Amino acid sequence: MNKGKGKITKVSGPLIIAENIPGARMADVVRVGEQKLIGEIIEIRGKDASIQVYEETSGLGPEDPVETTGLPLSVELAPGLLGTIFDGIQRPLAAIEKESGAFIGRGIEVPALDRKKKWEFKATAQKGNKVKTGDILGTVQETSLIVHKIMVPEEVEGEITDIKSGNFTIEETVAEIQGAQQLHKINMIQKSPVRKRRPLKSKIAVSEPLITGQRIIDTLFTIGIGGTACIPGPFGSGKTVVQHQLAKWANVDIVVFVGCGERGNEMTDVLLEFPKLKDPKSGKPLMERTIMIANTSNMPIAAREASVYTGATIAEYYRDMGYNVALMADSTSRWAEALREMSGRLEEMPGEEGYPAYLGTRLAEFYERSGIGLCQASEERKGSLSIIGSVSPPGGDLSEPVVQNTLRVVKVFWGLDYKLAHKRHFPAINWLLSYSLYLNNIKKYLKEKVSPEFEGLRIETMQLLQRESELEEIVRLVGLESLSEHDQLIMLTTKSIREDFLYQSAFDPVDQYSTLSKQYLLLKTILFFHSLAKKALSEGKELSSIEKIRSRQLIAKARFIPEDEVEARIKELEEQIKSEFKSL
Amino acid sequence: MQKEYRSVTEISGPLILVNQVEGVKYDELVEIEMPSGKLRSGKVLEISTDTALIQVFEGTEGLDIGLTKIRFKGKSLEIPVAKEMMGRVFNGLGKPIDGAPDILPEKSLDINGEPINPYARDYPNDFIQTGISSIDGLNTLSRGQKLPIFSGAGLPHSQLAAQIAHQATVLKKGESFAVVFAAMGITFEEAEFFMESFRETGAIENAVLFINLASDPAIERIATPRVALTCAEFLAFEKDTHVLVILTDMTNYCESLREVSAARKEVPGRRGYPGYLYTDLAMLYERAGRIKGKKGSITTIPILTMPEDDKTHPIPDLTGYITEGQLILSRELHRKGIYPPMDVMPSLSRLKDKGIGAHKTREDHSDLSNQLFAAYARGRDVRELMVVLGEGALNDVDKQFLRFADEFEDQYIRQGVSDNRTVFETLDLGWKLLAQLPREELKRVKQSEIDKYMPKESK
Ligand SMILES: Nc1ncnc2c1ncn2[C@@H]1O[C@H](COP(=O)(O)OP(=O)(O)OP(=O)(O)O)[C@@H](O)[C@H]1O
Ligand SMILES: [Mg+2]
């Protein structure tokens, strides 16, 4: 009866063991039980295969059939990805809702992408062109914001013998390529195994900042385009808000947001909010550049493990078209826990805190999928993928394995601090703890595009903040009055740096995003005030009179100045500061 | 079709091992007949070719090898549900214990439920007035939110939960409301306190109670919140009811989970709790929410007592990682005699910003609460400073903040157990307290808001 099928011998949560599956290969996708639940082979020993099942396994038992699909876990890549929300194994949640209602049933089979929809394909290559993997055959206007490039798939090379513009479904042939051995019929859909990196032809060094509009990030701890960053922090410290801010405002072309083992409502939030938000550059809805992968904490844990790879592969695909892509993974700790869970059930030797010994390797492999460089193609086409992962350490303890292994591979560290969060100082990124290793890479860019003084301001700011923490120690022991007036002035200035510059509300329509030039002007004003105040002190003026200067209050409100007025109003403010100091 | 086995080969802690079974499915419900003829229930935790590992809800005392009979029921644990469950009391597995007859089921539902499709969710942005300033003003609760109370032994979390349950029932016309209450391992007195307060306020008619007391079987507790949430889902999404679910005490639930994990000899995570504690808790907490196109909602308030008041203990820690904020009770405030002893600094409602503002509460709500936080934080810093350096080290502004912090605790946080403040009263109280601070220190509120809402008589 079950010819061509193996059978289950053991079920333990999301892990099952099956024997004698004909054609079983490591990492291939299998169908489990009568409901044909989706699973993946993660270990083979003799006739036994261990399988992680991407759906709830309740009701499975020994003797139930298992058959292999003969294919590794893959994603479908074609027009129709943008604006869509998928689960961890790329099943569209909207289609699942249609099938099974508000609650996710099991054994639902829905194609990742619409097979019936016609897209307008515009051929850009011509008959007779010699093409190879990655070369662009034509384009499809996928959303009003993004042009989807139809590329020659992997392992195809040859001469175009036929190509036509027109309206096609993703499965209809749009071009034919005569290879050395065979004629390839090319349609608009590609399949790509998720666990395998889609390689760049060559990587180049990061040289531009990924502009996020978040002042503490862009000014102090910049991430580069094609770079990596991590945001560790205890619960409620602001990881998700930072990730959402980046997804909204980062100057990239495409955003892939992976909600990995986190809250359902957070995904709903994005779904409801992004269509209403406008891309600052084009004025188009942000949803048109966004792809979401949602495998929330209550969805099957094995699919959570897969979700980051599903996201990475889709992100790489758009990068290959020559786009700047950002991938946000919230939270990588939940992914690591899924790994630990499966490892435990496989009875592997546990490493630190029960995580498998290969945790570090897996994390490194994941972040290594980032980078900027030349895409696979005959032409010179640059694309990039930046990866930002949040980490949720138990008890906020940064010494735990996921944080430590992540820090080994990422170049930017935004350490969230619960003390700042409790004081409602947001983003609660601790400025003494955090770092960016891209500051040298982007020096030239900032100098040319923003101001030659930008770097100097940043260095001075960091020095002041460093000094503040030393002074705070003293104040705690002997009180503010014991400080010299100069040191008290430093405390006054750093307070302004913290409250009027680093503090940034994610919910205020103006404050939530600052251009680099606004960031520069705000910081410049604060430090300008500081320099005049220093001078005044050394000329014998009293600190208490400096404290009373009215323009201080204007500095405090400057972050609410709309972008188009910033330059003029900051200029006025500077004049006012000057004149107030004169009449001190 | 239903076969009976007498092949129990091992009994260990809450688990039994049965051999030579056939056709058994993972997660299947099991009926266990004890040598005495009494029935117990269990579920299949693991199944291999002919051996099933079973977790027994009512515990394994009295079971033996040889006489104990095992029957597999061919389905997972289900409970009968009906609208008429309101006003009734059940045990931790959903069996009536109030002496009244069994309910007439409208349906039978799997207690594990199914995950809500994130695409089908509607965002919880409907403000719920609890009448408690430290919640409504600073950490507002929204319909469909999951907001736990982190408490400690001896703190008045039950009182607070009961007050919320009572006062939150103020509703728009034509909406129905229910409280689903799940007790896990709490004392008889605590359970009695809740029932009494429900009775007193008349809430009992709209309440469904699931009671597993400290003296009841510990493993049963693993099922109790699932049973309660299944009932809540039925009332919310099939009967258009706004349901408030109170789960207390989650710490006891987690202990039971740890017991099972230890008996299975699993690799333990932090402090011996299983590595899957996060996921297990998420399966419960994520059942809260709203669904597009449905009138009802599930708002969940889990209560947990933090061992040694330690917020980094795995139970509060993992809960905080799943829920949409947390209300933390402070032993210090409790000692000062302040009720509710809400530790507002580390407390947080993440859905606050979307549930308040013009049209929902009032336009100034968000800025005002930020300002109150900032001012209170500063006042507490000053208080700490004073402890080290004495009052002499404080300047005038410091002293104003110190006084603000004291009055804030005394007037804003403190309120009576039946003091039900409207959100507007709460907001005005906030402005009144802020009025004693220097204007230039109020950086989080806009000038226009000060002009409009700050009491005029103050300078
Ligand atoms: N930039 C910000 N501006 C204003 N409020 C913020 C900001 N960042 C965070 N918050 C506040 O902090 C709350 C918690 O933030 P968030 O949900 O991002 O935490 P998290 O670190 O992701 O927590 P978890 O690990 O539990 O998911 C938010 O709901 C919001 O109230
Ligand atoms: Mg988060």
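The values are calculated or read from the model by the stated rules, or taken from the named source; none is laboratory data. This one's a predicted model, so the numbers in the text were calculated from it and none came from an experiment. Glycine also receives a Cβ, built like all others from the backbone with ideal geometry; neighbour counts cover every protein chain displayed. Ligands, DNA and RNA are stripped out before the accessible areas are found, and what is left, the full protein with its side chains, is counted by its heavy atoms. Shrake-Rupley method; radii C 1.70, N 1.55, O 1.52, S 1.80 Å.
Details
- Filter result (over 20 Å from A:Asp330 (Cα atoms) and open to solvent by less than 10 Å² (accessible area, probe 1.4 Å)) within the range B:339-350: B:Pro340, B:Pro341, B:Met342, B:Val344, B:Ser347
- The residues of the range B:313-328 that are away from ligand 2 (no atom under 16 Å from the Cβ) and in contact with a helix residue (DSSP H, G or I) (Cβ under 6 Å, 6 or more places away or on another chain), listed by number, are B:His313, B:Pro314, B:Ile315.
- Complete set of residues in the range A:5-58 that are among the charged types (D, E, K, R), within 14 Å of another protein chain (Cβ to nearest Cβ) and surrounded by fewer than 19 Cβ atoms within 10 Å (Cβ to Cβ): A:Lys7, A:Glu19, A:Glu34, A:Lys47, A:Asp48
- Extreme residue, nearest to A:Ile293 (Cα to Cα), among residues of the range A:79-116 that are free of Cβ contacts under 8 Å to residues at least 60 places away in the same chain and among the basic types (Lys, Arg): A:Arg91
- Whichever residue in the range B:172-193 is more than 14 Å from the chain's Cα centre (by Cα) and aromatic (Phe, Trp, Tyr) and, among such residues, is least open to solvent (accessible area, probe 1.4 Å): B:Phe177
- Checking each residue of the range A:214-235 against the condition of being away from every other protein chain (no Cβ under 14 Å), open to solvent by 30 Å² or more (accessible area, probe 1.4 Å) and at pLDDT 95 or above gives no match.
- Candidates B:Lys354, B:Lys360: the one that is in a loop (DSSP other than H, G, I, E, B) and either modelled with pLDDT of 95 or more or of a type in the set (Lys, Arg) (or both) is B:Lys360.
- Residue within the range B:384-392 that is within 29 Å of A:Ala506 (Cα to Cα) and either in a helix (DSSP H, G or I) or in contact with a strand residue (DSSP E or B) (Cβ under 8 Å, 6 or more places away or on another chain) (or both) present: no
- Restricting the range A:311-335 to residues that are farther than 17 Å from A:Val409 by Cβ and within 14 Å of chain B (Cβ to nearest Cβ), the residue that is nearest to ligand 1 (Cβ to nearest atom) is A:Asp330.
- Boolean, B:Ile211 is over 18 Å from B:Lys146 (Cα atoms), in a strand (DSSP E or B) and out of contact with any Lys or Arg (no Cβ under 7 Å at 6 or more places or on another chain): yes
- The range A:328-359 - residue that is acidic (Asp, Glu) and open to solvent by 40 Å² or more (accessible area, probe 1.4 Å) and, of those, farthest from ligand 2 (Cβ to nearest atom): A:Glu347
- Unique residue being within 16 Å of ligand 2 (Cβ to nearest atom) and in contact with a helix residue (DSSP H, G or I) (Cβ under 6 Å, 6 or more places away or on another chain) when the list is A:Val325, A:Val403, A:Val391: A:Val391
- Count of residues meeting criterion [within 14 Å of chain B (Cβ to nearest Cβ) and either more than 13 Å from ligand 2 (Cβ to nearest atom) or more than 26 Å from B:Ser349 (Cβ to Cβ) (or both)] in the range A:242-276: 7
- Scan the range A:377-427 for residues that are more than 27 Å from A:Gly311 (Cα to Cα) and open to solvent by less than 10 Å² (accessible area, probe 1.4 Å) and the total you get is 1.
- With respect to the conditions (1) surrounded by fewer than 24 Cβ atoms within 10 Å (Cβ to Cβ); (2) touching a residue at least 60 places away in the same chain (Cβ under 8 Å); (3) within 16 Å of ligand 2 (Cβ to nearest atom), A:Ile204 lacks only one, and its number is (3).
- Taking the numbered list (1) open to solvent by less than 50 Å² (accessible area, probe 1.4 Å); (2) within 14 Å of chain A (Cβ to nearest Cβ) in turn, B:Pro96 passes all entries but (2).
- In this structure, A:Ile108 qualifies as assigned to a loop (DSSP other than H, G, I, E, B), within 30 Å of B:Lys73 (Cβ to Cβ), outside the structural domain of A:Glu380 (by TED's automatic domain parsing) and open to solvent by 10 Å² or more (accessible area, probe 1.4 Å).
- Any chance A:Phe501 is within 16 Å of ligand 2 (Cβ to nearest atom) and either open to solvent by 70 Å² or more (accessible area, probe 1.4 Å) or of a type outside the set (S, T, N, Q) (or both): no
- Residue match in the range A:351-360 (condition: in contact with a helix residue (DSSP H, G or I) (Cβ under 8 Å, 6 or more places away or on another chain), free of Cβ contacts under 8 Å to residues at least 12 places away in the same chain and within 11 Å of chain B (Cβ to nearest Cβ)): no
- Considering (1) open to solvent by less than 40 Å² (accessible area, probe 1.4 Å); (2) within 30 Å of B:Gly293 (Cβ to Cβ); (3) part of a loop (DSSP other than H, G, I, E, B), the lone condition that A:Lys116 does not fulfil carries the number (1).
- Residue match in the range A:522-533 (condition: in a loop (DSSP other than H, G, I, E, B), out of contact with any Ser or Thr (no Cβ under 6 Å at 6 or more places or on another chain) and closer than 24 Å to A:Gln463 by Cα): no
- Spans of strands (runs of 3 or more DSSP E) in the range B:21-79 with at least 1 residues within 32 Å of the chain's Cα centre (by Cα): B:29-33, B:39-48, B:51-56
- Options A:Glu262, A:Glu288, A:Glu273; residue that is assigned by TED's automatic domain parsing to the domain that holds A:Arg319 and within 12 Å of ligand 1 (Cβ to nearest atom): A:Glu262
- Of all the numbered requirements in (1) within 21 Å of A:Lys582 (Cβ to Cβ); (2) open to solvent by 60 Å² or more (accessible area, probe 1.4 Å), A:Leu537 misses one, and that requirement is (2).
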